[in-house]
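Visitor: So that we are looking at the same thing, I have put the structure below in structure tokens.
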Amino acid sequence: MSKTNNKNIFWCKNCLNMSTRPRITFDERGFCNACQWMEEKQKLNWPEREKYLKKILNETKKNKKGNYDCIVPCSGGKDGSYVAYQLRDKYEMNVLTVTVRPPLELDVGEKNLKNFTKTKDNFEHMHITTNNKSMQKMNKLGFIEKGSPYYGWIVTVFTSIIRTALAHKIDLVFYGEDGEIEYGGSTQNKNNPIFDFKYIVKNYFEGDHQKICKKSGLSKNELHHFTLDEKEFNKNNLKLTHWGYYEPWDPYRNYLFVKEKYTFQETETANVGTFTNFAQNDQSIFALHTYLMYLKFGFGRATQDAGIEIRRGAMTREQGKNLVNLYDNQYPDKFESLYLDYYQMTKDEFQNVLDNHANKDLFEKKNGRWSPKFKIS
Ligand SMILES: [Zn+2]
């Protein structure tokens with residue numbers, strides 16, 4: 001985390017992305033790279049990209065060594081389900097959908113996954129449950145060391161999926177969108193459809209992957225799903241790519257699609273820390289993840305959601321600002337006892353971790369809670 005100073009922080013002139021966001025860039029108008037990308041998307045040569053998509057799909061099909069053509073990681077949420085459907089029904093690929101079971105699953109997420117896999121649509125699906133002790137340990141270490149409360153799970157979404165692809169001789173994995181490009185961050189892969197393990201470690205694991213594995217004290221076997229032999233990865237023909245490269249990414253379209261097609265369910269009330277109820281419903285740690293993001297960088301889940309709404313023209317910046325002021329600072333109270341139980345921590349130990357990661361330039365403690373010293377402008 002780079003040290004920030006209250007005086008030199010700023011917000012995107014179009015959405016509400018903050019200058020503290022890792023790897024984000026701004027243009028001379030003060031538009032963040034997500035907002036610039038939104039403009040670029042409107043005039044991009046998408047047919048050209050689709051042509052490339054068809055080329056790699058054909059090549060993969062032609063050279064396939066196993067039963068499946070590709071993997072789509074899928075939680076039963078809106079995005080993976082949409083991508084899996086497109087690949088299978090529009091592009092006639094033999095798709096294997098795979099879920100790495102998240103920690104502290106939520107009922108609504110489990111229901112959605114069931115709806116997705118049990119409809120007459122007959123998606124083939126694999127549920128991976130990693131070593132529970134390893135998952136808990138990696139998540140706890142990520143929480144304490146990095147303020148990344150489901151670090152272990154984020155790692156497995158790549159390592160475990162890649163291991164599955166290699167084991168089943170599958171050469172192509174489609175992730176949904178590149179969050180760095182769509183929501184703000186590195187633009188390194190804007191014009192590059194394929195990404196490698198180095199890109200994952202740098203952007204998604206935020207470095208430190210090996211350090212955390214080592215610190216866990218877990219054995220090689222226990223770490224199987226959390227590690228990857230980079231040499232073996234490079235030896236294979238496996239291609240990792242994002243669906244968002246080939247078609248303009250639109251999370252709201254995905255939501256409407258799965259709602260109609262798979263009777264997708266939202267949570268009954270807005271999710272903690274935001275005003276929406278249809279994204280990231282599969283696990284309760286996401287609320288802690290975005291709360292820590294808020295403490296570390298000054299922006300939370302509502303900022304992210306408002307950005308999506310502003311960029312798709314469904315909300316003004318002013319409306320977004322009001323919602324961010326209302327929701328970003330929401331502490332995930334309703335899950336706290338669940339977290340304490342999961343990490344095996346006392347309330348004081350847990351609060352200490354939050355305190356360690358809170359950015360003291362941006363926040364001050366008032367009545368036992370961190371409160372922003374800045375005002376969004
Ligand atoms: Zn922006």
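Visitor: Going by average Cβ density within 10 Å per residue, which order do the peptides 106-116, 365-375 take, highest to lowest? If you can, show how the numbers build up before the last one.
Guide: On the way: 106-116: 18.6, 365-375: 11.5.
Those peptides, ordered most packed to least, come out 106-116, 365-375.
Visitor: If each residue's Cβ is checked for other Cβ atoms within 10 Å, how do ILE161, ILE144 rank with the fewest at the top? Write out the running numbers ahead of the final one.
Guide: Numbers: ILE161 23, ILE144 20.
Ordered from fewest to most neighbouring Cβ atoms within 10 Å, ILE161, ILE144 come out as ILE144, ILE161.
Visitor: 222 nm [θ] for the chain, helices only, -39500 (n - 2.57) per DSSP H run of 4+, per residue, to 500?
Guide: Working: 15 runs with 159 residues, N = 377.
Counting only the DSSP helices, I get -12500 deg cm²/dmol.
Visitor: Along the charge dipole of the stretch 274-372, pointing to its positive end and built from +1/-1 on Cβ of Lys, Arg, Asp and Glu, which listed residue (GLN319, GLN304, LEU292) has its Cα farthest out?
Guide: Farthest along the dipole direction, towards plus: GLN319.
Visitor: Please check: in the Gaussian network model of the chain (C-alpha springs, under 10 Å), which one of GLY66, GLY300, GLY76 has the largest mean-square fluctuation.
Guide: Per the Cα network of the chain with a 10 Å cutoff, GLY66 tops the list.
Visitor: Based on the alpha-carbon gyration tensor of the stretch 26-105 and its eigenvalue square roots a ≥ b ≥ c, which shape applies: rounded if a/c is under 1.5, prolate if not and a/b is larger than b/c, or oblate? Please list the in-between numbers first.
Guide: On the way: a/c = 2.91, a/b = 1.38, b/c = 2.11.
In terms of gyration-tensor shape, oblate.
Visitor: Let me ask something else. As a test, work out the antiparallel percent of DSSP beta bridges whose residues both lie in the chain, rounded to the nearest 5. Please list the in-between numbers first.
Guide: Working: 9 of 23 bridges.
Approximately 40 percent, going by the DSSP bridge assignments.
Visitor: Taking the Cα centre as origin and putting +1 on Lys and Arg beta-carbons and -1 on Asp and Glu beta-carbons, what dipole magnitude results for the chain, to the nearest 20 debye? Intermediate values should be presented prior to the final figure.
Guide: Working: 57 positive and 47 negative charges, 128 e Å.
So the magnitude is around 620 debye.
Visitor: Something else about it: Quick test of the membrane-span-like rule: which DSSP H helices of the chain reach at least 20 Å along their long axis (C-alpha atoms) with mean Kyte hydropathy at least 0.0?
Guide: Details: long enough: 46-62 (24 Å, -1.79); 151-167 (24 Å, 1.30).
The qualifying helices are 151-167.
Visitor: How much of the calculated P(r) for the chain lies past 34 Å, in percent of all Cα pairs?
Guide: On the way: 18175 of 70876 pairs.
When all Cα pairs of the chain are counted, 26 percent exceed 34 Å.
Visitor: Separate question: If you place +1 on the Cβ of every Lys and Arg and -1 on the Cβ of every Asp and Glu, how big does the dipole about the Cα centre of the stretch 46-245 come out, in debye to the nearest 20? Walk me through the numbers on the way to the answer.
Guide: Details: 32 positive and 25 negative charges, 103 e Å.
Approximately 500 debye in magnitude.
Visitor: While we're looking at this one, here's another question. What ranking do ILE212, ILE194 get, fewest neighbouring Cβ atoms within 10 angstrom at the top?
Guide: Starting with the residue having the fewest Cβ neighbours, the order is ILE194, ILE212.
Visitor: Same structure, new question: Which value, in debye to the nearest 20, describes the size of the charge dipole of the stretch 231-373 about its Cα centre when Lys and Arg Cβ atoms bear +1, Asp and Glu Cβ atoms bear -1, and nothing else is charged? Spell out each step's value before the answer.
Guide: Values: 19 positive and 19 negative charges, 97 e Å.
For the stretch 231-373, the charge dipole is close to 460 debye.
Visitor: Continuing with this model, one more query. As a footprinting exposure proxy, order ASP171, ASP361, ASP348 by other Cβ within 10 Å, with the fewest listed first.
Guide: Listed from fewest to most nearby Cβ atoms, that is ASP348, ASP361, ASP171.
Visitor: Put +1 on the Cβ of every Lys and Arg and -1 on every Asp and Glu Cβ in the chain; which of HIS242, PHE116, TYR339 then has its Cα farthest towards the positive end of the dipole?
Guide: Positive-most Cα among the choices belongs to HIS242.
Read the figures in this text as sums done on the coordinates, not as results from a lab. Everything numeric here is computed off the predicted structure, so don't read it as measured data. All Cβ positions, even for glycine, are placed from backbone atoms using ideal geometry, and neighbour counts span all protein chains on display.
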